[in-house]
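Here is the structure we will look at, set down as structure tokens.
The values are calculated or read from the model by the stated rules, or taken from the named source; none is laboratory data. These numbers were taken from a predicted model, which means no experiment stands behind them. Positions of Cβ are generated from backbone atoms using ideal geometry, with glycine treated the same way; all protein chains shown enter the neighbour counts.
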Amino acid sequence: MKIVTVGLGYIGLPTALMFAKHGVNVVGVDISKNIVQQLNQGIVQIEELGVQELLQTVLEKKLFQASLVPDHADAFIIAVPTPNARDQYGSCDLQYVKKALDTILPFVHFGNTIVVESTISPRTMDDVVTPFFEEAGFEIGSNLFLVHCPERVLPGNILHELVFNDRIIGGITPECTKKGKILYQTFVRGELLETEAKVAELSKLMENTYRDVNIALANELVQIGTKLKINALDVIRLANRHPRVNLHQPGPGVGGHCLAVDPYFIVAAAPKEAKLINQGREINSSMPQFILKQVVKIMEMNSGTKITILGQAYKGNIDDIRESPAIHIAEQLRLLTEYKIAIYDPHVQEENDETLKQAFEGSDLVLVLCDHDEFKKIAVENIQLMKTRMAFDTKNIISNGMDFDNYYTLGNIFQFESTKKKEIRFPF
Ligand code: SAJ
């Protein structure tokens with residue numbers, strides 16, 4: 001069997017290599033000359049466990065080659081970015097998907113299977129991809145088979161999850177679904193879940209939307225707890241002892257290219273109906289401002305002048321800063337000339353101003369915005385370098401909070417309200 005995969009990013013490349021590992025002849029297509037050249041030289045661009053070794057193996061077996069152009073094949077897999085469009089609701093920008101379809105069309109034959117893995121808005125397979133191929137003379141379900149097979153792999157564990165996670169196989173027709181199933185039986189050990197394309201599209205979006213809305217519930221609880229002077233973290237900890245309750249964790253906002261992106265595809269498709277989903281996005285997007293106001297309160301109450309920001313990645317133990325709330329918070333604080341800002345993230349070196357020690361020197365407040373393992377315990381010798389020993393731990397990750405004179409979390413920030421009122425100017 002021969003497959004062409006279009007898009008060699010953090011999903012496309014592992015998918016291409018996984019098919020090749022299982023004996024399929026794969027041509028991996030990308031628009032980047034640099035990526036294509038490097039891959040053919042055995043050099044991987046993405047940081048993902050096991051991918052470098054897998055590339056070497058399939059190159060040696062001559063089962064994979066990267067190329068700027070497609071080739072004739074039995075199946076084509078599209079795994080290109082689908083960012084938010086710059087429109088009212090942040091709908092799904094399909095420009096890269098459409099470009100990929102144009103690129104493969106000259107090579108598509110009767111009997112081929114076309115799979116879209118990219119996360120797409122509801123009904124894209126029915127209303128965009130199907131007409132595209134029908135206008136080219138194909139009859140979907142009889143001489144061409146269209147399928148949506150969304151990925152659900154967690155960065156850092158992709159090669160394992162590609163094989164063992166259950167996989168949704170959503171065809172335009174039952175015959176399309178069957179063709180998709182035959183394709184993924186090549187390496188998937190999880191269950192292959194057959195459904196319609198539009199159900200597959202909305203299922204993928206709801207996986208991440210479910211998480212985003214639940215994080216918003218935790219973040220709204222923080223704002224309620226701050227007003228009522230009730231520790232929201234205690235409430236979550238105790239409520240979650242119920243066997244069927246799983247309140248998520250509050251934080252400085254929601255980052256990444258999934259939770260901060262996918263819900264908008266649903267809102268854009270059904271704006272009047274997707275009220276809770278939209279509200280969840282609004283709550284999570286408001287958290288950076290909420291954090292900034294608390295930081296200003298802490299600094300003004302203590303006449304602080306230097307802030308040490310720990311963390312710029314969008315979540316713990318990775319280097320990805322896409323849609324990171326920590327980046328936004330740092331940018332806003334830098335605009336306040338009365339404060340000196342020192343940033344340190346061991347996974348995002350390019351954002352660091354100085355060494356960790358320098359970042360702590362003379363600081364009044366340590367602001368933790370990311371749950372990297374390195375921040376689980378703050379070295380006492382670094383705390384002793386501070387002018388005022390305060391911490392605001394928005395990820396509730398520091399285990400030695402008692403080593404600070406004032407240790408604030410999203411559960412106890414209402415403490416400021418109890419101290420003497422001081423006119424606070426919010427520059428945001
Ligand atoms: N976050 C919270 N509170 C929480 C959990 C997460 O504030 O309780 C924040 C994180 O700090 C981060 C953001 O939300 O800023 C996203 O975190 P995440 O753990 O959801 O990380 P992602 O976006 O890399 O992974 C999600 C996962 N989807 C689900 O859990 C349903 C992952 O399984 C998917 O593979 C991935 O999206 C994807 O690629 O779709």
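Is it the case that Val254 is outside the structural domain of Leu94 (by TED's automatic domain parsing) and assigned to a loop (DSSP other than H, G, I, E, B)?
Yes, satisfied.
Out of (1) within 16 Å of the ligand (Cβ to nearest atom); (2) surrounded by 16 or more Cβ atoms within 10 Å (Cβ to Cβ), what's the single condition that is false for Phe133?
Among (1) within 16 Å of the ligand (Cβ to nearest atom); (2) surrounded by 16 or more Cβ atoms within 10 Å (Cβ to Cβ), Phe133 violates only (1).
Report, by residue number, each residue of the range 304-340 that is within 16 Å of the ligand (Cβ to nearest atom) and in a helix (DSSP H, G or I).
Of everything in the range 304-340, those that are within 16 Å of the ligand (Cβ to nearest atom) and in a helix (DSSP H, G or I) turn out to be Pro325, Ala326, Ile327, His328, Ile329, Ala330.
Of the residues that sit in the range 176-198 and are among the aliphatic types (A, V, I, L, M) and in contact with a strand residue (DSSP E or B) (Cβ under 6 Å, 6 or more places away or on another chain), which one is nearest to Thr119 (Cα to Cα)?
That would be Ala197.
Which residue, of Lys98, Lys2, Lys62, Lys33, is of a type in the set (Lys, Arg) and touching a residue at least 40 places away in the same chain (Cβ under 8 Å)?
Lys2
Of all the residues that make up the range 6-40, how many are farther than 21 Å from Arg189 by Cα and within 23 Å of the chain's Cα centre (by Cα)?
8
All but one of (1) surrounded by fewer than 17 Cβ atoms within 10 Å (Cβ to Cβ); (2) out of contact with any Gly (no Cβ under 9 Å at 6 or more places or on another chain) hold for Gly311; state the number of the condition that does not hold.
So Gly311 meets the others, but not (1).
Under the condition of being over 13 Å from Gly251 (Cβ atoms) and not hydrophobic (A, V, I, L, M, F, W, C), which residue from the range 197-222 is farthest from the ligand (Cβ to nearest atom)?
Only one residue tops the list, namely Lys198.
If you take the residues in the range 238-267 that are touching a Gly at 6+ places or on another chain (Cβ under 9 Å) and over 18 Å from Pro325 (Cβ atoms), which one is nearest to the ligand (Cβ to nearest atom)?
Phe265
Right, Thr82: out of contact with any helix residue (DSSP H, G or I) (no Cβ under 9 Å at 6 or more places or on another chain) and outside the structural domain of Gly256 (by TED's automatic domain parsing) or not?
Judged against the criteria, Thr82 is not a match.
When you check Leu183 against the structure, is it in the same structural domain as Thr113 (by TED's automatic domain parsing), more than 11 Å from the ligand (Cβ to nearest atom) and either loosely packed, with under 15 Cβ neighbours inside 10 Å or in a helix (DSSP H, G or I) (or both), yes or no?
It is true that Leu183 is in the same structural domain as Thr113 (by TED's automatic domain parsing), more than 11 Å from the ligand (Cβ to nearest atom) and either loosely packed, with under 15 Cβ neighbours inside 10 Å or in a helix (DSSP H, G or I) (or both).
Does any residue of the range 155-168 turn out to be under 22 Å from the mean Cα position of the chain (by Cα), small (Gly, Ala, Ser), closer than 30 Å to His347 by Cβ and modelled with pLDDT under 95?
Yes, some residue in the range 155-168 is under 22 Å from the mean Cα position of the chain (by Cα), small (Gly, Ala, Ser), closer than 30 Å to His347 by Cβ and modelled with pLDDT under 95.
Determine if the range 153-175 includes at least one residue that is crowded, with 21+ Cβ neighbours inside 10 Å, part of a helix (DSSP H, G or I) and more than 16 Å from the ligand (Cβ to nearest atom).
No, there is no match, as no residue in the range 153-175 is crowded, with 21+ Cβ neighbours inside 10 Å, part of a helix (DSSP H, G or I) and more than 16 Å from the ligand (Cβ to nearest atom).
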